[in-house]
Amino acid sequence: MNDSGKAMKPEAGSDFASLFPERRLERRSFIATSIGAGFALALQPVSAQTIKTDAVGLIAGEVKVPAKGGDMACYRAMPAYGAPFAPIIVVHEAWAVHEHIQDICRRLAKLGYYAIAPDLFARYGDATRMETSAIVQNILPKILAEEVDGDLDACVAFIRTSGAAKMDRLAIIGFCWGGRAVWQYASHNRQLKTGVAWYGHLSTPLGPDAPSALDLAPSLTVPVLGFYGGKDQGIPLANVDKMRAALKEAGNPSQIVVYPEAGHAFLADYRPSYDKAAAEDSWKKMLAWLRYHGVE
């Protein structure tokens, strides 16, 4: 599934904030208040090739992040000893913070990072217990970029007050819907050292109150590494080429890597879409990119 949903794209030059004044004033409280165990309902059964990372030597589990409207449930993993660590925010796919995203956090923690994954859908329900069609109909259309940016800002504040992170080495990574959020947040928070976006949509905005990643490219200053599949049916290579060209024209050091034989969600080892070669290579490239930008 390409977890794009559908969102209205404002006309060029629109004042995005003014288009939705009533929703800007509203701050929903959280419906989903905890991080569950296991894989999302919509994804069962999972593949036998699913990667499983234990929590030995880690501090791993749910934390509550103070945010507007209440406490936001997040999954955090970091080494048990040796703080402070470089922090990485991990942004989920369409199925919220289920086992795959938790495992990604543990993989990063095993490498010495402070990894935290907020449930950015929690104001609208528990996506881990919904069918995909319900998420597309009842959650994705309600998402506002302003709200996502605010919740990610809350995560940054939580990381800072933890005393366990090197705040001058902050990064963000995301997958599919979360990949799109990476492009959005990189435009919002210029204090980020870098971001990494796996197959994040480029022409569809994160919410109706924001431009698309393609529209953001000319003003983007944070370097982002983007990974895309050449056979992804939901993200045309023409858009990938446009994004690469726009970033280059803007003088932004971001890079985009395309795996010609991979489709969408090629890093998702629990799904049939998993492409081992592309997944392993992109993971290695991510780590090298993070080190290059001082996130270590």
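The values are calculated or read from the model by the stated rules, or taken from the named source; none is laboratory data. Computed from a predicted structure; not experimentally measured. Note that we place each Cβ from the backbone using ideal geometry, even for glycine, and neighbour counts take in every protein chain shown. Just the protein is used for accessible areas: all its heavy atoms, side chains included, with ligands, DNA and RNA removed. Shrake-Rupley method; radii C 1.70, N 1.55, O 1.52, S 1.80 Å.
Odds and ends about this structure:
- Rounded percent of accessible protein surface that carbon and sulfur make up, the chain, 1.4 Å probe: 52 percent
- Beta-bridge orientation, the chain: approximately 40 percent antiparallel, per DSSP, counting only bridges with both partners inside.
- Given Lys242/Lys285; Lys231/Lys276; Lys142/Lys276; Lys110/Lys193, the pairs whose alpha carbons are separated by over 24 Å: Lys142/Lys276
- At a probe radius of 1.4 angstrom, the accessible area of the chain per residue rounds to 41 square angstrom.
- Multiplying the residue separation of Ile51 and Glu296 by 0.36 nm and subtracting their alpha-carbon distance yields 85.9 nm.
- Nearest-10 value in Å² for the accessible area of Arg28, using the 1.4 Å probe: 90 Å²
- Projected label points at Ala157 and Val257, each 7 Å from Cα along the beta carbon direction, are separated by 3.6 nanometres.
- 5 angstrom amide H check on Val196, placed H, neighbours 5+ away: Ile172, Ile173, Gly174, Leu225
- Debye, to nearest 20: dipole size of region 160-296, +1 on Lys, Arg Cβ, -1 on Asp, Glu Cβ: 360 debye
- Computed about its Cα centre, the charge dipole of the chain is approximately 500 debye, with only Lys, Arg, Asp and Glu carrying charge at their Cβ.
- Applied to region 50-62, the Karplus parametrisation 6.51 cos²θ - 1.76 cosθ + 1.60 on θ = phi - 60° returns per-residue 3J(HN,Hα) values of 4, 7, 10, 10, 7, 10, 4, x, 10, 9, 9, x, 6 Hz, with x for Gly and Pro.
- Dipole of the chain [Lys/Arg +1, Asp/Glu -1 at C-beta], most positive-end residue of Leu170, Pro260, Phe85: Phe85
- Ellipticity estimate at 222 nm from DSSP helix runs (n ≥ 4, -39,500 (n - 2.57)) divided over the chain, nearest 500: -9000 deg cm²/dmol
- Its relative contact order, with pairs defined as Cα atoms under 8 Å and 6+ residues apart, puts the chain at 19 percent.
- At R0 = 25 Å, FRET efficiency that the Cβ-Cβ distance of Lys276 and Ala83 yields, to 0.05: 0.15
- Beta bridges per DSSP with both ends in region 73-126, % antiparallel, nearest 5: 50 percent
- Estimated FRET transfer efficiency (Trp283, Lys64; beta-carbon r; R0 30 Å; 0.05): 0.55
- Structure remark: mean-square fluctuation, Gaussian network model of the chain, C-alpha springs under 10 Å; the largest value among Ala73, Ala115, Ala83 belongs to Ala83.
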